[in-house]
């Protein structure tokens, strides 16, 4: 069954936008286990409204994660274009852990692969994230501020570990992130 290509009515577009906003806030605060009915209640719409736009919870989550990941990717490119490749990577890593990790549980769970496989739910988002992370890493390596023997997937795995620390003990997360960042710097 294919979906119609016609544009949404204004009220349907508003409902869809409201559902995405509430779903993002809910997933960010509580993770991915919140039921669709609860998201509908918080958005002030019926569950049927959500299912018309997003037939499955995975489709709703995919739409939310694509939007959130685009913000993260845009932030990475903004840092890259700011002209200081030596610090751009480390600023990006800290923001992922300390900013996004502290406030967006759904994004953290997606990056870590909990509940919903980001590779399947939003493969283009995962690829875009790894691309910007790789570009930041290469720029830092070329500037001599990052180790040559690590790749983007390894740095992503490190990020997931630091985000787990944020969930475990937010007071230690900044210190642990600093230690990790120091470990990514070239060996002396």
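The values are calculated or read from the model by the stated rules, or taken from the named source; none is laboratory data. In this text the structure is predicted, and so the values were computed from the model without any measurement. Note that we place each Cβ from the backbone using ideal geometry, even for glycine, and neighbour counts take in every protein chain shown.
What are the pairs, 6+ residues apart or on separate chains, where a residue within the stretch 150-168 that is outside any helix (DSSP H, G or I) has its Cβ under 9 Å from a residue that is modelled with pLDDT of 90 or more?
Once the first residue is outside any helix (DSSP H, G or I) and sits in the stretch 150-168, its partners that are modelled with pLDDT of 90 or more give 150/137; 150/141; 150/184; 151/134; 151/137.
Table: residues versus (1) modelled with pLDDT of 80 or more; (2) closer than 22 Å to residue 66 by Cα; (3) crowded, with 17+ Cβ neighbours inside 10 Å.
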site: 96; (1), (2), (3): yes, yes, yes
site: 112; (1), (2), (3): no, yes, yes
site: 116; (1), (2), (3): no, yes, yes
site: 132; (1), (2), (3): yes, yes, yes
site: 183; (1), (2), (3): yes, no, no
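Taking the condition under 25 Å from residue 82 (Cα atoms) and in contact (Cβ under 8 Å) with a residue 60 or more places away in the chain, does residue 181 pass?
Yes, satisfied.
Out of the stretch 135-174, which residues are at pLDDT below 85 and more than 26 Å from residue 125 (Cβ to Cβ)?
Answer for the stretch 135-174, where residues must be at pLDDT below 85 and more than 26 Å from residue 125 (Cβ to Cβ): 169, 171, 172, 174.
Yes/no matrix, rows are residues, columns are (1) assigned to a helix (DSSP H, G or I); (2) in contact with a strand residue (DSSP E or B) (Cβ under 6 Å, 6 or more places away or on another chain); (3) at pLDDT below 80; (4) more than 23 Å from residue 124 (Cα to Cα):
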site	(1), (2), (3), (4)
28	yes, no, yes, no
49	yes, no, no, yes
83	no, no, no, yes
99	yes, no, yes, no
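For the stretch 52-66, which positions are assigned to a helix (DSSP H, G or I) and either closer than 24 Å to residue 174 by Cα or in contact with a helix residue (DSSP H, G or I) (Cβ under 7 Å, 6 or more places away or on another chain) (or both)?
Answer for the stretch 52-66, where residues must be assigned to a helix (DSSP H, G or I) and either closer than 24 Å to residue 174 by Cα or in contact with a helix residue (DSSP H, G or I) (Cβ under 7 Å, 6 or more places away or on another chain) (or both): 53, 57, 58, 60, 61, 62, 63, 64, 65, 66.
Going through 172, 133 one at a time, which residue ends up being in contact (Cβ under 8 Å) with a residue 12 or more places away in the chain and not in a loop (DSSP other than H, G, I, E, B)?
133
From the residues in the stretch 30-41 that are surrounded by fewer than 18 Cβ atoms within 10 Å (Cβ to Cβ) and at pLDDT below 85, which one is nearest to the chain's Cα centre (by Cα)?
So the residue we want is 31.
Consider the stretch 67-77. How many of its residues are surrounded by 13 or more Cβ atoms within 10 Å (Cβ to Cβ) and either outside any helix (DSSP H, G or I) or modelled with pLDDT of 90 or more (or both)?
Selection size over the stretch 67-77: 4.
Just checking, how many residues over the stretch 30-43 are in contact (Cβ under 8 Å) with a residue 24 or more places away in the chain and either in a helix (DSSP H, G or I) or over 29 Å from residue 99 (Cα atoms) (or both)?
Residues in the stretch 30-43 being in contact (Cβ under 8 Å) with a residue 24 or more places away in the chain and either in a helix (DSSP H, G or I) or over 29 Å from residue 99 (Cα atoms) (or both): 3 in total.
For the stretch 149-169, what are the residues that are more than 18 Å from the chain's Cα centre (by Cα) and either surrounded by 12 or more Cβ atoms within 10 Å (Cβ to Cβ) or under 20 Å from residue 99 (Cβ atoms) (or both)?
The answer is 150, 151, 168, 169.
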